[in-house]
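Let me begin by presenting the structure, written as structure tokens, before commenting on it.
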């Protein structure tokens with residue numbers, strides 16, 4: 001079995017802006033550079049040591065500063081954290097990481113979102129259903145529409161909110177789907193069908209299982 005790709009270095013990297021680092025991650029994915037390079041780019045963007053594991057706990061890629069750093073991240077020591085990697089609610093791996101700076105930067109707020117329909121209607125749903133929450137979260141960010149008492153105003157100024165969003169938007173450079181042409185419900189049904197095969201089913205459960213085929 002091939003050894004997972006590793007990057008261990010004590011050299012000081014040239015400082016890059018956060019958005020430049022995110023662009024680097026997108027470029028690595030889009031170019032097909034492979035998981036090791038994507039992992040290294042993610043480590044630079046997060047300013048963190050990163051290890052990617054498969055569903056069995058096998059190491060796929062490592063971006064750490066030293067072998068001792070790698071050992072600590074794997075062991076969950078010194079502030080290391082772990083997040084499961086999910087596809088349609090099925091765990092396919094795990095991301096383990098540890099910030100390299102003692103205090104993570106507190107001056108950034110990053111919001112990831114996927115949506116269908118038009119951009120205008122998507123933001124309109126936000127304004128109609130979650131304006132108070134949006135304003136409470138984003139009221140202290142640069143250029144956000146004027147807010148009163150933390151939750152009033154802000155996103156309720158529809159034109160100003162949409163303009164602010166457009167000015168701060170970073171478009172995703174590449175999109176990948178592991179199940180092209182399938183809806184989320186189709187994927188969930190398929191996962192459920194597969195899981196039921198691993199256990200005994202009564203008559204009622206078998207009937208339900210057959211209906212989902």
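Per-structure values
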item: Residue that is surrounded by the fewest Cβ atoms within 10 Å (Cβ to Cβ) [pool: residues in the range 160-180 that are in a helix (DSSP H, G or I) and in contact (Cβ under 8 Å) with a residue 24 or more places away in the chain]; result: 167
item: Single condition residue 193 does not satisfy, out of (1) modelled with pLDDT of 80 or more; (2) touching a helix residue (DSSP H, G or I) at 6+ places or on another chain (Cβ under 7 Å); (3) closer than 30 Å to residue 110 by Cβ; result: (3)
item: Complete set of residues in the range 181-211 that are within 32 Å of the chain's Cα centre (by Cα) and surrounded by 11 or more Cβ atoms within 10 Å (Cβ to Cβ); result: 182, 186, 187, 188, 189, 190, 191, 192, 193, 196
item: Those helices (runs of 4 or more DSSP H) lying entirely in the range 1-98 with at least 1 residues at pLDDT 85 or above and surrounded by fewer than 16 Cβ atoms within 10 Å (Cβ to Cβ); result: 67-75
item: Which numbered condition residue 98 fails, given (1) in contact with a helix residue (DSSP H, G or I) (Cβ under 6 Å, 6 or more places away or on another chain); (2) without any contact (Cβ under 8 Å) to a residue 40 or more places away in the chain; result: (2)
item: Complete set of residues in the range 132-154 that are at negative phi, part of a helix (DSSP H, G or I) and either modelled with pLDDT of 90 or more or touching a strand residue (DSSP E or B) at 6+ places or on another chain (Cβ under 9 Å) (or both); result: 132, 135, 136, 138
item: Residue count, the range 58-79 (criterion: free of Cβ contacts under 8 Å to residues at least 24 places away in the same chain and touching a strand residue (DSSP E or B) at 6+ places or on another chain (Cβ under 8 Å)); result: 4
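The values are calculated or read from the model by the stated rules, or taken from the named source; none is laboratory data. Everything numeric in this text was worked out from a predicted model, so none of it was measured. Using ideal geometry, Cβ is built from the backbone for each residue, glycine included, and neighbour counts are taken over all protein chains shown.
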